[in-house]
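The values are calculated or read from the model by the stated rules, or taken from the named source; none is laboratory data. The structure displayed is predicted, hence computed values, not measured ones. In this analysis, Cβ positions are derived from the backbone assuming ideal geometry, glycine residues included, and neighbour counts consider all displayed protein chains.
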Amino acid sequence: MTSLTEEQYQTKIRELEKEVKKLNLIIQKDSKTKYGLRWIDVPEAFEKDSENKIPILEEAKDKAIKNDDGKPTHILIEGDNYHALKCLNYTHKGKIDVIYIDPPYNTGDKKGGKFVYKDSRFLNEFPNGRAILKDDPLRHSTWLSFMTKRLELARNLLKETGILCVSIDDYEQANLKLLCNQIFGESNFVNQFIWKRNSSGKTEVDKFTVNTEYVLLYRKSEQCKLSPAYKPLAEASLKLYKFDDNDGRGKYQTVSLQKPKDPGPETTYDYIDNNGKTWKCPAKGWRMIYSKIKELENDNRLVLTGSTLRVKDYWNERENEGKRIDTLWDDLPENSAGTSQLAELFNDKVIFSNPKPTDLIKRCIQIANKDCIVLDFFAGSGTTLQSTIKLNQEDSGKRQCIIVQTKETLFEIENGKEIPKEGAKIAFEEGYRYISEITYERNRRVMQGYTNPKGEKIEGLGNSLKYYRTAFVGENEAEYATDKDKIILSKKAGCLLSMAENTLEEYISTDRYQIFGDDKNSFTGIYFSANADKISEFTAKLEQLRNLSSLNVINAYFFSSGDGTEFSDEFESRKNIKIKSIPEPILEVYRRLN
């Protein structure tokens, strides 16, 4: 019998330790679970280059889209969503307001609905994953295993007031609801919406017409107050808001300032505007005292034309008005609209089948506030990002969107040649080899403009975009990270740290440090080297930036074996520079997840 080397021996010990921990977690869950769903766990395999390593993000700088228009900078992450969610557990834990996902439906058919899973037991036979068919005995178990890992990671990302919206059909709706009850708690189920996806009379094999799908809505905790939930004003009301000064406040209607009831002495006066014009007191007086109308004028909210003063009533400021959300969504565009919207951007070519229509996703996003962070980790063609951009355009919101899409191929290898997958022929002929290329290109056109099928130039909606890819560093996972692993992680952690601080633009990069910033003069400095020879240079750079950031804290990260307090003296007199350490906080997050 061949004896094990020391390295092999240690590897075996680690594998056994993992199994023991896994069994202990199962026992703990079983002892606490009063209600839940049971299934046979199907082990998922990840690529070899991710095993026993530490996940990070790397920027694809050539794909960045920059518009200096004051609108949000969104994030596209290319990579397996499991790895991306682990990275986001460091950068965005407790920061996400809305998660919308449209996961694989596990239909088991041949029309693009097959769910492909990398089962670790069959990698030799199916290295790129195997399609889960209808008659697979572990069909539902495989899907539940896949979804559980991702939903557990996703739950960590939500604020306590955050919500999750999931599109699903009949194949997994019942299982998904039980799974979400288990992960989020049955008491945090808010509602199940029924969406009329088509009006077709086409019948299935069993002669029943399938016209509907579902959206499940869960909240993170009881701190999220969603009952009753509202959507914006009804269409008839919206038509009244026809004016727009293009000052960022959005559309408004004008409302008379005449008092509807009997006048009082405090509201009967002639008003003199800032141009010296006198506005005679209406018969019943004004609705407000003199000083209040003057405040409105100074804030550019008065309409100083016509026979009497009127005030601007902005749609965006009517927070809780309008129609309550019904559970039956038969007023939204159907599935075919999503295909048409994408074809509009790609010159009438149907390069992606049945993406969700933007209005469906907009309704989910509208449940939250207008300055929220939105996440979609099953991005597909990128509808959620387009929906966010369009919604911001409509109501002057400042929503930021993060989308994740795997680098899934649109082709298969047959006899050494790349052959388009079923349903991907047009996309492949157009030069798209991966779904993530479509995701990016769709939203690039939304932001920068495009020519529609009629040959008309459509102006872009602006906004900016950062493009990242998942990557891996080191030779061991977080729990067993060596000093060498920690040094490498620190050098490669820039994108994680800048994203965590939402300072996404790299200003300075040297072999010792990086400095990132944003358009609000917020900055993040990272001294990632164990060699301290350039710390004085680094602190001098931060000192220069501090003068630009009098209202903001500059976060300064230092490579440290502890919490970075050894660098505090360097910044004792600089009160708005906050010292943080790397890489230990990143590793600690990953250890907890493992």
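Whether any residue in the range 442-451 is in a loop (DSSP other than H, G, I, E, B), touching a residue at least 12 places away in the same chain (Cβ under 8 Å) and over 22 Å from the mean Cα position of the chain (by Cα) is what I want to check. Steps first, answer last, please.
Residues of the range 442-451 in a loop (DSSP other than H, G, I, E, B): 449.
Those left that are additionally touching a residue at least 12 places away in the same chain (Cβ under 8 Å): none.
Scanning the range 442-451, I find no residue that is in a loop (DSSP other than H, G, I, E, B), touching a residue at least 12 places away in the same chain (Cβ under 8 Å) and over 22 Å from the mean Cα position of the chain (by Cα), so the answer is no.
Only one residue in ASN124, ASN106 is part of a loop (DSSP other than H, G, I, E, B), assigned by TED's automatic domain parsing to the domain that holds THR383 and touching a strand residue (DSSP E or B) at 6+ places or on another chain (Cβ under 6 Å), so which one is that? Full working, then the answer.
On the way: ASN124 fails: touching a strand residue (DSSP E or B) at 6+ places or on another chain (Cβ under 6 Å).
So the residue among ASN124, ASN106 that is part of a loop (DSSP other than H, G, I, E, B), assigned by TED's automatic domain parsing to the domain that holds THR383 and touching a strand residue (DSSP E or B) at 6+ places or on another chain (Cβ under 6 Å) is ASN106.
Under 27 Å from GLU186 (Cβ atoms), in contact with an Asp or Glu (Cβ under 8 Å, 6 or more places away or on another chain) and in the same structural domain as TYR82 (by TED's automatic domain parsing): which single residue out of LYS118, LYS134, LYS149 fits that description? Working first, answer last.
On the way: LYS118 fails: under 27 Å from GLU186 (Cβ atoms); LYS134 fails: under 27 Å from GLU186 (Cβ atoms).
Result of the check over LYS118, LYS134, LYS149: LYS149.
List pairs: first in the range 328-341 and in the same structural domain as GLU213 (by TED's automatic domain parsing) and under 12 Å from LYS196 (Cα atoms), second among the hydrophobic types (A, V, I, L, M, F, W, C) and surrounded by 14 or more Cβ atoms within 10 Å (Cβ to Cβ), Cβ under 7 Å, 6+ apart or cross-chain?
LEU328/ILE194; TRP329/PHE193; TRP329/ILE194; TRP329/TRP195; LEU332/TRP195; LEU332/LEU360
When the residues of the range 355-404 are narrowed to those that are over 12 Å from the mean Cα position of the chain (by Cα) and at positive phi, which ends up surrounded by the most Cβ atoms within 10 Å (Cβ to Cβ)?
The qualifying residue surrounded by the most Cβ atoms within 10 Å (Cβ to Cβ) is GLY380.
All but one of (1) at pLDDT 90 or above; (2) closer than 30 Å to THR524 by Cβ hold for GLU44; which doesn't?
Of everything listed in (1) at pLDDT 90 or above; (2) closer than 30 Å to THR524 by Cβ, GLU44 misses just condition (2).
Here is a list of conditions, (1) touching a Lys or Arg at 6+ places or on another chain (Cβ under 7 Å); (2) under 28 Å from TYR171 (Cα atoms), and ILE96 meets all of them except one; can you say which number that is?
Here ILE96 clears every test but (2).
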